[in-house]
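Engineer: My questions will all concern the structure given below.
The values are calculated or read from the model by the stated rules, or taken from the named source; none is laboratory data. Keep in mind the model is a prediction, meaning the values are calculated, not measured. Here the Cβ is made from the backbone with ideal geometry for all residues, glycine too, and neighbour counts use every protein chain on show. Quick note on the areas: whole protein, heavy atoms, side chains included, nothing else; ligands and nucleic acids left out. Shrake-Rupley method; radii C 1.70, N 1.55, O 1.52, S 1.80 Å.
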Amino acid sequence: MSKPVNVYSASEVSKTLDEALPSIFERLNYTESFKLTDTKLYIGYSIVVVSAVSFLLDKQLGHRNVIPYQQGLVAAYIILSSLFWYFKKYVEKSITYVGNEKKTDDKISICTRYEECEPKYFVTFVKNDEESSKLEVVLETTKVFNEAGYLQTDLLYNWFSEQLKIISLKKKE
Amino acid sequence: MFSLTQRFQVVSNQAITFSLVIIAFVVASSWIQLLYPSNVFQNTTSAIANVTPSMTLRTSRYYGSQNGKPKENVRVSFDLESDFSPLFNWNTKQIFVYLTANYNSSGSINEVTFWDDIITSKDKALVQLKNAKSKYTVWDLESGLSGKELDFKLHWNIQPWVGPLVYGETDISGDHKLTVEARKKN
Amino acid sequence: MSAILDEIQKFLVLPIDFPSQKRTFELQQNILLIGAIAASIYGFLTQSLYNTLICYGVTFVVTLLLVVPPYPFYNKQKLQWVQPKLATNL
Amino acid sequence: MNIRLELAKLLNLCFVFASAYMFWQGLSLFANTDSPIVVVLSGSMEPAFQRGDVLFLWNRNTQNKVGDIVVYENEGQDIPIVHRVLREHHSKSESQNKQFLLTKGDNNAVNDISLYKNKKIYLSKEKDIVGTVKGYLPQIGYVTIWVSESKYAKYTLLAFLGLSSLLGGE
């Protein structure tokens, strides 16, 4: 087990749960799709590269000699940052996990969020991008963490497999 | 608010945010105090009299001489009166007042300082000088000052406790123009 | 070494319960807001920035004292978490 | 070990530095100067500016007036000096944008000629001036002086950073 978290911190708890999702779904026979994460990382690191170039230019050649380049770099930084912000807000939304069932190839996307000062983890499942299969549930974080701050992965696994059963039942109706 | 450090950070951030608002209020209110009840940018007056120049020749680099050629250095003595107390409000740390002269020479436009003073409190804001000597000895960039017409002005600059620096010029009365006599060739 | 650091870290986290988190957040916001307004007005009326600084500084210290320490009454509504027995089963 | 998770964590850390640096760079371009914010290091402008005060500079003006407080750097020296313009001389023709300045610290007895390099007796607005002081915040910058000059302060800061990163959990 990794480091314990402060269970009275809604953000830390939710982050730990987010990070546990891939391994849980691995056990549930899903393969993760990294499209969103990778796009985000590409944009993010291009921002870092732009700033690094700007920094090195300034240090090596001096501010006065590279003003036109710096203007370009600052413009690129602003554009990329707004792109990053747009991507996070409107494309990724709060999707933390996307994966496919290994046999049936059913796609599942999971959005998660938390609210300050509440021991709750809000999870929304969407199967195969169908609006009808949408399932919104709330996980009481008191049920998967112990007082010392360790995540009980088995309990979390059980909870998620139950939810998946509910979704598949819902579809048959 | 979930841990000791986080609580400390939240309180500090909040305090910094509000202190920026306080600073904005201080800057805005002191600016308004400069405009009302009387607009100090227009209504600060000064009177100058008895401006008399004296000239010496110097050969030091620190007195404008280059390549060993002697340079004309001019000092003036003068009477000056002005009241700067309306410039003091809660955001005034000090006022810097300076007496300058403008003149034109063949190729350039020039402004030079003859005298300045720092006023640190409202009690000392009344400037009354009799036969005062200029603090600086002044030379011209190119040739010399003989024959140049000097036009004296009294400026002020408020250094605030926080915020932007404020500059202004007094409405000067009295005989503030002076032509420096040509040096007698001997 | 890291075990000791973990101990220190655990010891210094000092959490408070969820309702108190909400309460302290609102509390510090309100006190600081009122303090800031009072400091501005008091300083302006006395025409002294020093008074503003002192007034606001006192507000800040008071807020810190009220909000930062994990007083017992901020920890009355602790929750029931998963029993540690299960942890050993893992 | 999940490589994407580690990369995302590293990205967050990089963003802190990147955004701070790009903000500074943007401000430099906006104010057209290589250091838009300076911390006062000497007492030569006391009582107007004390050590540790933070000054905001602007360098889009083509000329300075007498009385302006300017920051200049001598050629080959990286020490910015904050002093007041005592005299200005600029040419009559608009096309020739040259201006010569003589500066002095309010708290100094004499002008700055002895500070200028290469036997100059004037500064060039275009070449030597870093910026004109427009705004002022008191004492905030004292931390930087304190850290760069006292080794105890350096250790205290390091200890504080270490402790806060330890307690922050990230």
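Engineer: I need the full set of residues from segment A:35-64 which are touching a residue at least 40 places away in the same chain (Cβ under 8 Å) and open to solvent by 30 Å² or more (accessible area, probe 1.4 Å), in order please.
Structural biologist: Result: A:Lys35, A:Leu36, A:Thr39, A:Lys40.
Engineer: Quick one: C:Ile31 ticks every box in (1) away from chain A (no Cβ under 14 Å); (2) part of a helix (DSSP H, G or I); (3) under 23 Å from A:Glu116 (Cβ atoms); (4) modelled with pLDDT under 95 except a single one, so which number is it?
Structural biologist: Just one mismatch for C:Ile31, condition (4).
Engineer: Yes or no: segment A:66-80 includes at least one residue that is under 30 Å from C:Leu14 (Cα atoms), small (Gly, Ala, Ser) and either out of contact with any Ser or Thr (no Cβ under 9 Å at 6 or more places or on another chain) or not assigned by TED's automatic domain parsing to the domain that holds A:Ser23 (or both).
Structural biologist: no
Engineer: Checking the condition open to solvent by less than 40 Å² (accessible area, probe 1.4 Å) and of a type outside the set (A, V, I, L, M), which residue from B:Thr92, B:Thr120, B:Thr56 passes?
Structural biologist: Just a single option satisfies the conditions, and that option is B:Thr92.
Engineer: A follow-up question, please. Collect the residues in segment D:26-46 that are farther than 23 Å from D:Leu115 by Cα and open to solvent by 10 Å² or more (accessible area, probe 1.4 Å), keeping them in residue-number order.
Structural biologist: D:Gly26, D:Leu27, D:Leu29, D:Phe30, D:Asn32
Engineer: Within segment B:136-186, can you find the residues that are within 9 Å of chain D (Cβ to nearest Cβ) and β-branched (Val, Ile, Thr)?
Structural biologist: Within segment B:136-186, B:Val138, B:Val162 meet the criteria.
Engineer: So, in segment B:68-81, of the ones that are open to solvent by 50 Å² or more (accessible area, probe 1.4 Å) and in a strand (DSSP E or B), which residue ends up nearest to D:Ile121 (Cα to Cα)?
Structural biologist: Looking at the filtered set, the residue picked out is B:Arg75.
Engineer: Please indicate, with yes or no, whether at least one residue in segment B:111-126 is modelled with pLDDT of 90 or more, touching a Pro at 6+ places or on another chain (Cβ under 9 Å) and among the hydroxyl-bearing types (Ser, Thr, Tyr).
Structural biologist: Among the residues of segment B:111-126, at least one is modelled with pLDDT of 90 or more, touching a Pro at 6+ places or on another chain (Cβ under 9 Å) and among the hydroxyl-bearing types (Ser, Thr, Tyr), which makes the answer yes.
Engineer: Considering only residues of segment B:104-117 that are free of Cβ contacts under 8 Å to residues at least 24 places away in the same chain and open to solvent by 30 Å² or more (accessible area, probe 1.4 Å), which is farthest from the other protein chains (Cβ to nearest Cβ)?
Structural biologist: B:Asp117
Engineer: Of all residues in segment D:117-131 being at the interface with chain B (Cβ under 8 Å from one of its Cβ atoms) and surrounded by 18 or more Cβ atoms within 10 Å (Cβ to Cβ), which is nearest to D:Asn32 (Cα to Cα)?
Structural biologist: D:Tyr122
One line per residue, one yes/no per condition, for (1) in contact with a helix residue (DSSP H, G or I) (Cβ under 8 Å, 6 or more places away or on another chain); (2) within 7 Å of another protein chain (Cβ to nearest Cβ); (3) modelled with pLDDT of 95 or more; (4) part of a helix (DSSP H, G or I):
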{"site": "C:Ala39", "(1), (2), (3), (4)": "yes, yes, yes, yes"}
{"site": "C:Tyr56", "(1), (2), (3), (4)": "yes, yes, yes, yes"}
{"site": "C:Gln80", "(1), (2), (3), (4)": "yes, yes, no, no"}
{"site": "C:Leu86", "(1), (2), (3), (4)": "yes, yes, no, yes"}
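Engineer: Return the residues of segment D:66-116 that are over 20 Å from D:Ser35 (Cα atoms), open to solvent by less than 60 Å² (accessible area, probe 1.4 Å) and among the β-branched types (Val, Ile, Thr); say none if nothing qualifies.
Structural biologist: Within segment D:66-116, D:Val66, D:Ile113 qualify.
Engineer: Among the strands (runs of 3 or more DSSP E) confined wholly to segment A:76-128, which include 2 or more residues that are loosely packed, with under 14 Cβ neighbours inside 10 Å?
Structural biologist: none
Engineer: Could you go through segment A:3-22 and let me know if any residue there is within 14 Å of chain C (Cβ to nearest Cβ), touching a Pro at 6+ places or on another chain (Cβ under 8 Å) and part of a helix (DSSP H, G or I).
Structural biologist: Yes, segment A:3-22 contains a residue that is within 14 Å of chain C (Cβ to nearest Cβ), touching a Pro at 6+ places or on another chain (Cβ under 8 Å) and part of a helix (DSSP H, G or I).
Engineer: All but one of (1) more than 14 Å from chain C (Cβ to nearest Cβ); (2) polar (S, T, N, Q); (3) in a helix (DSSP H, G or I) hold for A:Thr31; which doesn't?
Structural biologist: Failing condition for A:Thr31: (3).
Engineer: Taking the stated definitions as given, is D:Phe56 within 16 Å of the chain's Cα centre (by Cα), open to solvent by 60 Å² or more (accessible area, probe 1.4 Å) and free of Cβ contacts under 8 Å to residues at least 12 places away in the same chain?
Structural biologist: no
Engineer: I would also like to ask the following. Inside segment B:118-135, can you point out the residues that are at the interface with another protein chain (Cβ under 8 Å from one of its Cβ atoms) and among the hydroxyl-bearing types (Ser, Thr, Tyr)?
Structural biologist: Scanning segment B:118-135 gives a single hit, B:Thr120.
Engineer: Test B:Ile16 against the criterion of being surrounded by 14 or more Cβ atoms within 10 Å (Cβ to Cβ) and under 30 Å from C:Asn30 (Cβ atoms), and give yes or no.
Structural biologist: Spelling it out, it is not the case that B:Ile16 is surrounded by 14 or more Cβ atoms within 10 Å (Cβ to Cβ) and under 30 Å from C:Asn30 (Cβ atoms).
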